[in-house]
Amino acid sequence: TLFYSFFQHIGNYEQRISSGSQEKHRSVVHQNKLLPSKNSPDSVRKPHPRPSDKLNPKTIDPFGDQPRAPSAFAAIYSKGGIPCRLVHGSVKHKLQWDCLPETLPFDPLLITLAEGLRETKHPYTFVSKEGFKELLLVEGATEKTVPLLPRLIPVLKAALTHSDGEVFERGLNALVQLSGVVGPSLNDHLKHLLTSLSKRLMDKKFKEPITSALQKLEQHGGSLKEMIYKFGYLRSHLLKFVFTFFLVLLC
């Protein structure tokens, strides 16, 4: 009788445990039915915010590939701020102006085209180079350009100091074109450009174009003797700097 009561007591205990487990399982199943599944749209659209999200917001990877903002010239061109467009030809390209170039104000169009000389992508390279040249060919260009020289020279200097060789050549050609229009009015501004030219003279690739440009500057009204003096002075100082630099390295 004692053993019977003992086993009956154990049986009742196991039954209570089993019924409790079943009840708990039914409760969990019921809760899971109420919660959205991981693959349901609700769970995808409404992720639960974590407290750390406020402390660690998403940031842009500085070392990842980031979209580049367009340059000032590219932005103006894309918005139609340059009143001409590129016409592709079978042999060579050309510009088609929206109106006669001589009717256009040079300020700020000529300066904008000069800024475009630093572009390295097509069609900006062609539009800026050809637009600058054609605008300077219109009647009355001298009167419109001379007042803009204080603002044009820093822009041309930026092209002449550019690391890209093609940009430098476009800047050099633009300088020669400008001197042909404004003549002696350019002389007072040449001192700001000779340093840039002297640095490029060390490169054999640009020695001949620079020499040719200086000769044309003289033809257009500059004093070659004065320029040679200034240019030679700057070049000698540059050579002294290079020589001193190598001496420091050797020591």
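Residues satisfying the criterion are present in region 136-154 (criterion: open to solvent by less than 60 Å² (accessible area, probe 1.4 Å) and small (G, A, S)). Looking across region 84-119 at every residue that is charged (D, E, K, R) and buried (at least 16 other Cβ atoms within 10 Å of the Cβ), the one that is nearest to L152 (Cα to Cα) is identified as E115.
Among the residues of region 220-234, is any at pLDDT 85 or above, in a helix (DSSP H, G or I) and in contact with a helix residue (DSSP H, G or I) (Cβ under 8 Å, 6 or more places away or on another chain)? No; the residues of region 220-234 include none that is at pLDDT 85 or above, in a helix (DSSP H, G or I) and in contact with a helix residue (DSSP H, G or I) (Cβ under 8 Å, 6 or more places away or on another chain). If you go through region 112-154 and keep only what is under 22 Å from A75 (Cα atoms) and among the β-branched types (V, I, T), you end up with T112, T120, T125, V127. Among the criteria (1) touching a residue at least 60 places away in the same chain (Cβ under 8 Å); (2) open to solvent by 10 Å² or more (accessible area, probe 1.4 Å), the one H122 does not fulfil is (1). In region 107-176, counting only helices (runs of 4 or more DSSP H) that sit wholly within it, the ones holding 2 or more residues that are farther than 21 Å from G80 by Cα and modelled with pLDDT of 95 or more span 141-145, 149-160.
When L193 is evaluated against the numbered criteria (1) more than 23 Å from L137 (Cβ to Cβ); (2) of a type in the set (A, V, I, L, M); (3) touching a Lys or Arg at 6+ places or on another chain (Cβ under 7 Å), which criterion, by number, is the only one it fails? Of the numbered conditions (1) more than 23 Å from L137 (Cβ to Cβ); (2) of a type in the set (A, V, I, L, M); (3) touching a Lys or Arg at 6+ places or on another chain (Cβ under 7 Å), the odd one out for L193 is (1).
The values are calculated or read from the model by the stated rules, or taken from the named source; none is laboratory data. Keep in mind the model is a prediction, meaning the values are calculated, not measured. A quick note on method: Cβ atoms are made from the backbone with ideal geometry, for glycine too, and the neighbour counts reach across all protein chains shown. Accessible surface is based on the protein model in full, side chains and every heavy atom, while ligands, DNA and RNA are left aside. Shrake-Rupley method; radii C 1.70, N 1.55, O 1.52, S 1.80 Å.
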